[in-house]
Amino acid sequence: MAQIIPFFSPAARQSRSAAHTALIGSFAAHRRTQEDVFWLKENAELLNILECTGANVAAEALAPLQGFYDGAARHISFFRQYYRFILSICLDLEDLGMPGDTGAQLADWVQAEGLARAELSDLQRAEARRLLARREICLRDDGLDDRLRAFISRPETFAIPNKKAAYELTHIVFYLSEYGRRDPQLPQAALTSLEFAGLVAFLDQNADLLAEICIALRYGGQRPPAAWEAWLDRQVSAFTLSEGESSRLHDSYHEYFVTNWLMILSGRSAFRQAVPAGGVRVSAVQGGSILKSLSEAVFDAGMARSGWGSVKVRAEAMLNEEEHGLLCVAERSCAGFAHFFEGFARAGSAGAA
């Protein structure tokens with residue numbers, strides 16, 4: 001694996017408080033308009049990370065969101081399909097220090113309108129329950145926790161590439177743990193699911209997903225593999241933050257958010273790049289995924305792919321030196337790699353008797 005070790009001059013250094021102020025200002029006022037659902041998503045994610053990591057945010061740093069907070073009741077009454085984003089923003093603003101009780105008022109309104117009953121997904125109901133509970137409103141859903149734990153306690157689901165399922169896994173742990181505030185009581189099978197999903201993300205060099213998995217492991221009381229977090233540490237140092245409007249453009253802001261979130265949780269340096277004033281566009285160095293090459297080797301092995309030993313030589317022959325190095329690191333990172341591979345190999349046939 002290539003190791004990127006960028007150089008930063010002392011002039012580029014910026015306090016975490018200053019970085020928070022610049023980020024909030026950029027995402028509140030310079031990337032998108034408040035009527036854009038992606039504005040809601042981006043700002044909800046940023047504030048959630050600041051709140052759950054106990055960030056000390058100055059009152060003036062929150063000022064760019066005062067207008068949205070003041071008009072939140074009107075916003076949520078029309079954009080009620082986005083009630084979870086809007087409620088989350090208001091709750092986090094208050095918990096970060098903005099004066100007001102709009103969050104409690106909106107939570108009461110959401111409960112009275114029964115908006116959570118319109119959610120088909122257990123994951124979204126769990127998020128709604130967690131948001132309402134922050135203002136002491138109980139959203140009763142008998143069996144919800146059991147269903148969530150049943151979903152995450154099937155490791156074979158997460159031994160194959162499935163980003164949607166993997167992100168649902170991490171968010172279930174976030175909600176069950178109240179973002180690290182309580183023991184989520186994860187069964188051993190759920191911890192194995194996180195390990196399997198992490199191996200897929202590491203083989204894919206997907207820093208965004210792998211960071212979320214490492215956070216979920218930490219919230220579950222586990223120490224993520226050192227190799228995973230060491231690679232993510234290098235990725236954090238490789239971000240580029242450039243000035244300019246980025247509306248309608250998809251950049252690497254989410255990867256930037258969650259990897260820095262992990263850095264805070266793991267006691268590492270976070271927000272290492274100076275955040276420019278105004279619009280910010282985030283660029284990341286993309287890793288060299290070996291999922292496609294490894295999957296092809298497994299598929300080509302046919303019925304002989306039942307175990308790692310039977311496919312290892314074939315897989316290694318298809319990889320270049322750098323890719324082979326990544327595979328070796330992945331294999332060494334987890335004692336359960338061979339067990340993971342049994343699921344990844346998907347041996348057998350749907351037509352077999």
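What follows draws every value from the coordinates through simple rules; no lab data is involved. Everything numeric here is computed off the predicted structure, so don't read it as measured data. In this analysis, Cβ positions are derived from the backbone assuming ideal geometry, glycine residues included, and neighbour counts consider all displayed protein chains.
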Degrees, to the nearest 10: 207-219 long Cα axis against longest axis of the chain: 80
Taking Tyr219, Tyr82 and counting other C-beta atoms within 10 Å, the order from fewest to most: Tyr82, Tyr219
Crossing angle, helix 102-113 versus the chain [Cα axis fit, 0-90 degrees, rounded to tens]: 70
Phi to ³J(HN,Hα) by Karplus 6.51 cos²θ - 1.76 cosθ + 1.60 over the stretch 276-284, Hz, x for Gly, Pro: x, 6, x, x, 10, 10, 9, 10, 10
Principal axis box of the stretch 15-141, alpha-carbon based, largest edge first, Å: 43, 27, 25
Spin-label pair Glu322/Ala63, simplified geometry with 7 Å Cα→Cβ offset, distance in nm: 4.6
The stretch 183-192 - phi-based ³J(HN,Hα) in whole Hz, Karplus 6.51/-1.76/1.60, Gly and Pro as x: 5, x, 6, 7, x, 4, 4, 5, 5, 5
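Take Tyr69, Tyr167 and order them by how many other Cβ atoms sit within 10 Å, fewest up front. Can you show the working numbers first?
Working: Tyr69 19, Tyr167 16.
Lowest to highest Cβ neighbour count: Tyr167, Tyr69.
Applying 1/(1 + (r/R0)^6) with R0 = 45 Å to the Cβ-Cβ distance of Ala338 and Glu136, what FRET efficiency is obtained, to the nearest 0.05? The partial results should precede the final answer.
Details: r = 48 Å, r/R0 = 1.06.
E between Ala338 and Glu136, to the nearest 0.05, is 0.40.
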Computed over the chain: relative contact order in percent, which uses C-alpha pairs under 8 Å that are six or more apart: 19
From phi via Karplus (6.51, -1.76, 1.60), per-residue ³J(HN,Hα) for the stretch 166-176 in Hz, x at Gly/Pro: 5, 5, 5, 4, 5, 5, 4, 5, 4, 6, 5
Principal axis dimensions, the chain - Cα atoms, whole angstrom, descending: 63, 55, 34
Separation in nanometres of the label points that stand 7 Å from Cα toward Cβ, at Ala230 and Ala150: 4.1
For the stretch 249-266 versus the stretch 146-225, the gap between their alpha-carbon centres in whole angstrom: 17
Cβ-based exposure ranking for Val285, Val313, Val57, Val236, in which fewest neighbours within 10 Å come first: Val313, Val285, Val57, Val236
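Work out the FRET efficiency for Ala165 and Phe299 from their Cβ-Cβ distance, taking R0 = 25 Å, and round it to the nearest 0.05.
Values: r = 20 Å, r/R0 = 0.81.
Once the sixth-power term is evaluated, E becomes 0.80.
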